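The values are calculated or read from the model by the stated rules, or taken from the named source; none is laboratory data. Please read all numbers here as calculations on a predicted model, not as lab measurements. With ideal geometry, Cβ positions are generated from the backbone for all residues, glycine too; neighbour counts draw on all protein chains shown. All accessible areas refer to the heavy atoms of the entire protein, side chains included, with ligands and DNA or RNA removed. Shrake-Rupley method; radii C 1.70, N 1.55, O 1.52, S 1.80 Å.
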Amino acid sequence: MPKNPPTLKNSLSECLTKFYPLAGRVVNNRFVDCSDVGVPYVEAQAHCHLSEVVANPIPKEFNKFLPCDLDDIRDLPVLVQVTFFECGGVAVAVNLSHKVADAMSLLTFVNGWAATARGETNVPPPQFEGAEFFPPIDTTGFRSNTGIVKDNIVTKRFVFTASNIAALRDKFSDTTFGEFPRHPSRIEALSSFIWARFVTAIKAQGRAQQDLLSASHEKRNTKTEWRLCHQTSGRPDFGWGKPLRAGSASLTFKNLVVFMDAPSGGGIEAWVNLKKEDMEKFEMDNELLGFVSTSPNEK
């Protein structure tokens, strides 16, 4: 166990002087009152070893390390829980409201907090310039919980090795322009592949054409999010070395995929959130299984 757990709390407090909106409260889903009320900080004890959690991660189990349910953050921009394990390991979990910031902003904050915990004094401050690029609009009637589904969502982790990702990039390459072929990025290739297998899973259930049209609409709404979530290469070091694993909890959105770098070897993990009946077909798809690592620890 780290010898100085108060360092985490003290460095968080110091970091929040730069990320000060996170210490305020969301008002009417419209703006943040920068009241400096503070951030809920919870410490917990896990009666197991860290290796039992990271050896073969189960997405749903990661939710136990969060300070609250994902859909229960209320007016809080951010919450933190630090969990200590019997072996001396530690897990740092952060809930951040999407009303206030996106995934990249979350990583910027966590990296800034980690740098502060290491004693660095030149942590770059965030730039609060969003309104210059996206002027505020009237959000009357907007439901912030749109897309959140509490029941019947299953999250599974699928590991793609570097060699299989390269094969998928070749598979989805566009050779229309002859000597100037277009090769998709790793995330583009994986997004196309997973989407194709998902559509196949729906068809295998004999679902109506309307379901496919609805799913197609959701794809247009979520594809960008799939690609932005691949931002985990810089793993925050709080002063004890690089973490064994960085990951996501099991999310409450259906038809959502989070891409994260595998811990080693250049592979990518796809954390797929689907309705239970869709997942049962999706995870048994032969073409999908042909590209997914057969060993949970193979990276």
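Evaluate the following for Asn56: is it in contact with a Pro (Cβ under 8 Å, 6 or more places away or on another chain), open to solvent by 70 Å² or more (accessible area, probe 1.4 Å) and either among the aliphatic types (A, V, I, L, M) or not in a strand (DSSP E or B) (or both)?
The answer is yes for Asn56.
Which one of the conditions (1) open to solvent by 30 Å² or more (accessible area, probe 1.4 Å); (2) in contact (Cβ under 8 Å) with a residue 40 or more places away in the chain does Val80 fail to meet, given that it meets all the rest?
(1)
Checking the condition in the same structural domain as Ala93 (by the TED database), of a type in the set (Lys, Arg) and open to solvent by less than 80 Å² (accessible area, probe 1.4 Å), which residue from Arg25, Arg30 passes?
Result of the check over Arg25, Arg30: Arg25.
Which ones in the range 261-274 are open to solvent by 10 Å² or more (accessible area, probe 1.4 Å) and either out of contact with any helix residue (DSSP H, G or I) (no Cβ under 9 Å at 6 or more places or on another chain) or of a type in the set (D, E, K, R) (or both)?
Within the range 261-274, Asp261, Ser264 meet the criteria.
Just the residues that are part of a helix (DSSP H, G or I) and touching a residue at least 24 places away in the same chain (Cβ under 8 Å), please, taken from the range 41-53.
Leu50, Ser51, Val53
Here are Ile187, Ile202, Ile137: which of them is part of a helix (DSSP H, G or I) and modelled with pLDDT under 85? It would help to see each step written out before you state the result.
Details: Ile187 fails: modelled with pLDDT under 85; Ile137 fails: part of a helix (DSSP H, G or I).
When all the criteria are applied, what remains is Ile202.
Pairs under 8 Å by beta carbon, first residue within 19 Å of Pro21 (Cβ to Cβ) in the range 129-142, partner of a type in the set (D, E, K, R) and open to solvent by 70 Å² or more (accessible area, probe 1.4 Å), six or more apart or different chains?
Final answer for the pair search is Thr139/Arg30.
I'd like the full set of residues that are among the β-branched types (Val, Ile, Thr) and either open to solvent by less than 30 Å² (accessible area, probe 1.4 Å) or modelled with pLDDT of 90 or more (or both), limited to the range 1-22.
The answer is Thr17, and nothing else.
Is it the case that some residue within the range 5-21 is over 25 Å from Gly112 (Cβ atoms) and either in contact with a Phe, Trp or Tyr (Cβ under 9 Å, 6 or more places away or on another chain) or among the hydrophobic types (A, V, I, L, M, F, W, C) (or both)?
First, the residues of the range 5-21 that are over 25 Å from Gly112 (Cβ atoms): none.
No; the residues of the range 5-21 include none that is over 25 Å from Gly112 (Cβ atoms) and either in contact with a Phe, Trp or Tyr (Cβ under 9 Å, 6 or more places away or on another chain) or among the hydrophobic types (A, V, I, L, M, F, W, C) (or both).
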